[in-house]
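Below is one structure; the comments refer to it alone.
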Amino acid sequence: MIDDSASPPPPPGDVTQLIERLRGGDARAADELLPVVYEELRRIAAAAMAREAPGHTLQPTALVNEAYLKLAGGRAPTFEGREHLLAVSARAMRQVLVDHARKRQAARRGGGVHPVTLSLADPAVEMPLDDMLALDEALDELGARDPRLRAVVEYRYFAGLNDSEIAECLGVTRRTVQRDWVRARSWLNRRIYDL
């Protein structure tokens, strides 16, 4: 069960300030940033796991740990600011969930990919893990065409951010995020369902 009592994310200024201190050479900032990054990953993992099918074999703590290892890559992670932290974290969660789906699919006999039931308008909708593969492939294609549309989907679906938070991260208006969401969803539905 996911612990919904997790503390709220730190104020954006705190994270950005820690990142700036770290980039400026303050070694203590790395020690202060580590728990903040881990807590941000826990929050994102809670949102991601809430959408997964019941009985999912990947536990939230394992998801956080694997995502952190992807972020750190054997060294202290570096971020340009809170927005960059959120973007990289959402991408790491997506990669971990997709890798897990691929491993599970490979273990099945004949494990064909089923069509994705995209109700991306509601990020709390459960998505069977195997269906994540089709979405991952489509997101890669979408990102090649329009990176901002992919970012909107990743922020909303994998990081659980709302339109205002996404707008802040991307430096656009809330209305632009809403339009991008409609465009991205339409493109993904056409791509996945050949509509």
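The values are calculated or read from the model by the stated rules, or taken from the named source; none is laboratory data. What you see is a predicted model; the values in this text were computed from it and never measured. Don't worry about glycine lacking a Cβ; one is built from the backbone with ideal geometry, like all the others, and counts go over all protein chains shown.
Odds and ends about this structure:
- Selection from region 126-164 of residues that are free of Cβ contacts under 8 Å to residues at least 60 places away in the same chain, within 27 Å of T16 (Cβ to Cβ) and of a type in the set (D, E, K, R): D146, R148, R150, R156, D163
- In region 137-156 there is no residue matching the filter, namely being in contact with a helix residue (DSSP H, G or I) (Cβ under 8 Å, 6 or more places away or on another chain), more than 15 Å from V88 (Cβ to Cβ), among the aromatic types (F, W, Y) and surrounded by 18 or more Cβ atoms within 10 Å (Cβ to Cβ).
- I19 surrounded by 14 or more Cβ atoms within 10 Å (Cβ to Cβ), at pLDDT 65 or above and more than 17 Å from the chain's Cα centre (by Cα): yes
- Condition broken by I192, with the remaining ones in (1) under 24 Å from G81 (Cβ atoms); (2) surrounded by fewer than 23 Cβ atoms within 10 Å (Cβ to Cβ) satisfied: (1)
- Of the helices (runs of 4 or more DSSP H) entirely within region 134-195, those holding at least 3 residues that are within 22 Å of A45 (Cα to Cα) and of a type outside the set (A, V, I, L, M) occupy 163-170.
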